[in-house]
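Working notes for the structure below.
The numbers here are math on the coordinates, done by the rules we state, and not lab data. This is a predicted model, so every value here is computed, not measured. A quick note on method: Cβ atoms are made from the backbone with ideal geometry, for glycine too, and the neighbour counts reach across all protein chains shown.
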Amino acid sequence: MFGGGKIKIKKELYERVKKFAELAGYSSLDEFVEHALEKEISKLESSESEDETKEKLKGLGYIS
Amino acid sequence: MNRREFCKQSALFITSFLLSKKGLCSSPPFLPGSGKTNTKKVIVLGIDGMDPYLLKRFIDEGRMPHFQKLISSGGDFKKLQTTIPAQSPVAWASFNTSTNPGRHGIFDFIHRQPDTFELYLSTSRTYQLEGGKLQIGKWIFSLKGGELKNLVQEKPFWNYLTEAGVPAIIYRAPSNFPPFAGKAWEMSGLSTPDLLGTYGTFSYYTDNPPENTEDVSGGKIYPTFPQNGIGENYLYGPPNSFRLDEKKPFDEVDDKRSYNYEKLKIPFKVYIDPGHHVAKIVIQGNEIFLKQGEWSNWVEVTFELLPHLKHLSGIVKFYLKEAHPHFKLYVSPININPADPALPIFNPPEYGEALVKDLGLFYTQGIAEDTKARTYHIFDDKEYWTQSQMVTKDWFRTWRWHLDRFKEGFLFFYFSTLDLGQHMFWRYIDHLSPLHEQTLKSGLKNPIENLYKQMDEALGMVLKRMDANTTLMVISDHGFTGFRRCFSLNSWLLDNGYLYLRDPDKREKTEYFDNVDWERTKAYGLGINGLYLNKEGREFNGIVRPEQETSLLAELKRKLEALIDPATGERPVKNAHIAKEVFKGRYVGTLSPDIILGFRRGYRASWKTILGGVPKDLFTDNLDPWSGDHCIDPTEVPATLVSTKKIKKSDPAIWDIGPTVLSEFGIKIPETLEGKTIF
């Protein structure tokens, strides 16, 4: 998994993740976890607070 | 993750945008050296902010020999109509799609979600999808991701080209992030964020912080006090949504949990030699030696999201402003690394690979010229000039790269520096600017004229390579003028009974409309040119009923156009355009402002009113180095059109350029496009 990397998770959680992966139609647990991680990266920009949004707006040169 | 991996893995994404990129990693239509010769070519050179009046003046004075040559040897030069308002995201979106704002949906730099009043940058947005999260200790895993969207709603004209088999390359077209997923080669332009997701956030480390540290936007100031000549600091990245903030991992309100994420950071050390005014910067194994006043080359930095598994790659430049007696170190906004882009800035990824292979690293930020560092006096004029010239140098070598390889089809190329330079340096040529006298002491000589001369050099580079099969158009998106006086629309609305505050004593502290009494407010100003009615059924707490709308708009228009600035006797509002009279399309009256203010030359929206501030003065002098602007009535700042062919259309507009390109290739102009050919 993860090209040789390993992650320890609680057995109960492992079972839940495994169950979800099967229900969602993933071919393997690895595929599901990789997919979830990948989407999280694309979500980086969306995890912003109201302050971060304000910072973004104010960063524009037209606004002080 | 490299770009090949990104391309491969993007097929896993469920978003329509990313799904649509699948399959684009095939051989491009014109790899360097593989193109044909003697085939039709059309080049559009986009020079943001090139003003037709200044251009004519410089041509007449003999300072623009290549423009002069082009125009006098069978070419043409006309003013180009631009959009209401004359803002770059709006105008370039009309260029890209040949539609009016009512259809492409971009009306200003800033938009709002009417039902939630969430404010956002208008051209791209990340939507949070509903979904669960897995929490494993400090680590967070999202079961559904976000969706990064280009908010320009219509199809770009270059997709019609590629569908007809004409290769197209679109270098840094504004209002094009993420790039439209088509067959053209594209690199995103204006609106491309830095790695923090902002328009650009610099870092400034100093033992002598300015007094206004808290007010600085577009950058962060980190007070730092080196001990025994060694400074230990962090370069801060975006929040790591894989890792919770240890101090406050989440907030919980009404059983609803929102997570707080740890900020990514990279430690670095600075060793200062005060005797020689030099410093050594050590960051992630890189050693950078800088003399006082010297800039570094690009330095690659890597933020670890998950150790050994996932990372974000960025590039920065260091500038040692002062080593001694005070320590002052500027670090540029963290640009997305073109060699390992964390966000989709190239389409297809091979385009970026080809650029990086030949050119090395380069600026990827949409607005790479650091105007904020100048506004907040981190830079003086000379330092801003130096930094913006580094940006220009990147554009020039990239321009040369494209010209050397372009063999067939359509090429769009974009220069930004003239626009930002005019914003920052207009006070040099504007004798009426309140900053003119003190500006002349700065020591820069003719910066605006020199920027125009550089654009003449850019034109000269393409003219050398022209053949009989090539049509060239040089266009801008708007002209330019002085920004001397600020007008606060929200203050006017308040003083005239259209906007109310919950606590009038907190008027000066109001921002983001946080003190507005929506149950009594009829209208509000947002963005640089927008006025919105607080409409029932549209705004989250709207009170203006449908039957009141027409008369209220007419009343506001009449009063605003009659308004007089008591200090000058001038009328600042040339036209208060009622949106439904000037736009057509599904976004009119929903997303659009209801009135767009068309200011006269010399005036613009005040700095505070744009994001919902209500300062006590209706009019103030503009004392910001940002002294030139164009966000006014389009008739006041027409754009520029220079062409190798005679222009037959009497009133060419920016939305005519796309259809003209299609016609040059013999492609029938689709009826959905609003422009016509200019030849």
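Roughly speaking, what is the stretch gain from B:Lys580 to B:Tyr271, that is 0.36 nm per residue apart minus the C-alpha to C-alpha distance, in nm to one decimal? Display every interim value, and only then the final one.
Numbers: separation 309, 0.36 × 309 = 111.24 nm, distance 6.13 nm.
Full-extension gain reported as 105.1 nm.
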Cβ-based exposure ranking for B:His478, B:His423, B:His104, in which fewest neighbours within 10 Å come first: B:His423, B:His104, B:His478
Based on the Cβ-Cβ distance from B:Lys668 to B:Leu440, what FRET efficiency comes out when R0 is 60 Å, to the nearest 0.05? 0.65
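So between B:Ala164 and B:Asp617, what do we pick up on full extension, going 0.36 nm a residue minus the alpha carbon distance? The partial results should precede the final answer.
Working: separation 453, 0.36 × 453 = 163.08 nm, distance 5.60 nm.
Full-extension gain reported as 157.5 nm.
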Set B:Lys79/B:Lys676; A:Lys54/B:Lys265; B:Lys280/B:Lys317; A:Lys54/B:Lys248; B:Lys263/B:Lys608; B:Lys155/B:Lys645, cut-off 19 Å on Cα-Cα distance; pairs above it are A:Lys54/B:Lys265; A:Lys54/B:Lys248; B:Lys263/B:Lys608; B:Lys155/B:Lys645
From the cross-link list B:Lys445/B:Lys646; B:Lys441/B:Lys506; B:Lys310/B:Lys357, which pairs have alpha carbons spaced over 31 Å apart? B:Lys445/B:Lys646; B:Lys441/B:Lys506
Length-normalised contact order of chain B in % [C-alpha pairs under 8 Å, at least 6 apart]: 22 percent
HN-Hα couplings for region B:647-662 via Karplus (6.51, -1.76, 1.60; θ = phi - 60°), in whole Hz with x for Gly/Pro, come out as 9, 8, 5, 6, 10, x, 10, 4, 7, 7, 5, x, x, 5, 4, 4
Give the Cα extents of region B:143-252 along the principal axes, in whole Å, largest first. 66, 37, 25
Do any trypsin sites (Lys or Arg not before Pro) in region B:406-476 lie in a loop, going by DSSP, with at most 10 other beta-carbon atoms within 10 Å of their beta carbon, and if so which? B:Lys441, B:Lys445
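Kindly state, as a whole number, the per residue volume in cubic angstrom of the convex hull around the alpha carbon atoms of the protein assembly as shown. Present the calculation step by step, with values, prior to reporting the outcome.
Working: hull volume 133.6 nm³, N = 743.
In the protein assembly as shown, the Cα hull volume divided by residue count equals 180 Å³.
Suppose R0 equals 25 Å. What FRET efficiency, 1/(1 + (r/R0)^6) with r the Cβ-Cβ distance, do B:Lys645 and B:Trp401 give to the nearest 0.05?
Details: r = 26 Å, r/R0 = 1.05.
Efficiency, rounded to the nearest 0.05: 0.45.
Based on the alpha-carbon gyration tensor of region B:340-450, what equivalent-ellipsoid semi-axes (square roots of 5 times the eigenvalues) come out, in whole Å, largest first?
Numbers: eigenvalues 219, 48, 25 Å².
For region B:340-450, the ellipsoid semi-axes come out as 33, 15, 11 Å.
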List the extent of the Cα atoms of region B:202-342 along each of their three principal axes, largest first, rounded to whole Å. 59, 37, 26
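Take the Cα pairs of chain B, get the Kirkwood Rh, then feed it into Stokes-Einstein at 37 °C and 0.692 mPa s and tell me D in µm²/s. Present the calculation step by step, with values, prior to reporting the outcome.
Numbers: Rh = 26.5 Å.
D, rounded to a whole number, is 124 µm²/s.
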A:Lys54 and B:Lys453 label points (each 7 Å along its Cα→Cβ direction) are spaced in nm at 4.5 nm
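Run through every distinct alpha carbon pair of region B:484-629 and return the Kirkwood hydrodynamic radius in angstroms, one decimal place. Don't jump to the answer; show the numbers that get you there.
Working: mean 1/r = 0.0646 Å⁻¹.
It is 15.5 Å.
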Would you calculate the separation in nanometres between label points at B:Thr302 and B:Lys676, each defined as 7 Å from the Cα along the Cα-to-beta-carbon direction? 5.8 nm
At 7 Å along Cα-to-Cβ for each site, give me the label-to-label distance between A:Leu29 and B:Lys280 in nm. 4.9 nm
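What ranking do B:261-269, B:596-604 get when scored by the average of other Cβ atoms within 10 Å per residue, highest first? Working shown, then result.
On the way: B:261-269: 16.9, B:596-604: 25.1.
Going by the mean number of other Cβ atoms within 10 Å, highest first, we get B:596-604, B:261-269.
D for region B:282-412, whole µm²/s, Stokes-Einstein with Kirkwood Rh over alpha-carbon pairs at 20 °C and 1.002 mPa s: what number?
On the way: Rh = 16.6 Å.
In µm²/s, the coefficient is 129.
Need one value for B:237-245: mean number of C-beta atoms belonging to other chains within 10 Å of its residues' C-beta atoms. Please report the intermediate quantities before stating the final value.
Details: counts 1, 5, 6, 3, 8, 4, 0, 0, 0.
So the per-residue partner count for this stretch is 3.
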Can you compute the helix-only [θ] at 222 nm over chain B? Use -39500 (n - 2.57) per DSSP H run of at least 4 residues, normalise by all residues, nearest 500 deg cm²/dmol. -7000 deg cm²/dmol
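Applying 1/(1 + (r/R0)^6) with R0 = 60 Å to the Cβ-Cβ distance of B:Phe250 and B:Arg465, what FRET efficiency is obtained, to the nearest 0.05? Mind showing how you got there, number by number?
Numbers: r = 59 Å, r/R0 = 0.98.
Between B:Phe250 and B:Arg465 the formula returns 0.55.
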One checks the Cα atoms of region B:596-679 and finds Rg and Dmax, in Å, of 18.9, 58
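Exceeding 31 Å between C-alpha atoms, which entries from my cross-link table qualify? They are B:Lys40/B:Lys393; A:Lys58/B:Lys407; B:Lys269/B:Lys382; B:Lys40/B:Lys149. If you can, show how the numbers build up before the last one.
Numbers: B:Lys40/B:Lys393 29 Å; A:Lys58/B:Lys407 42 Å; B:Lys269/B:Lys382 27 Å; B:Lys40/B:Lys149 33 Å.
A:Lys58/B:Lys407; B:Lys40/B:Lys149, as the Cα separations exceed 31 Å there.
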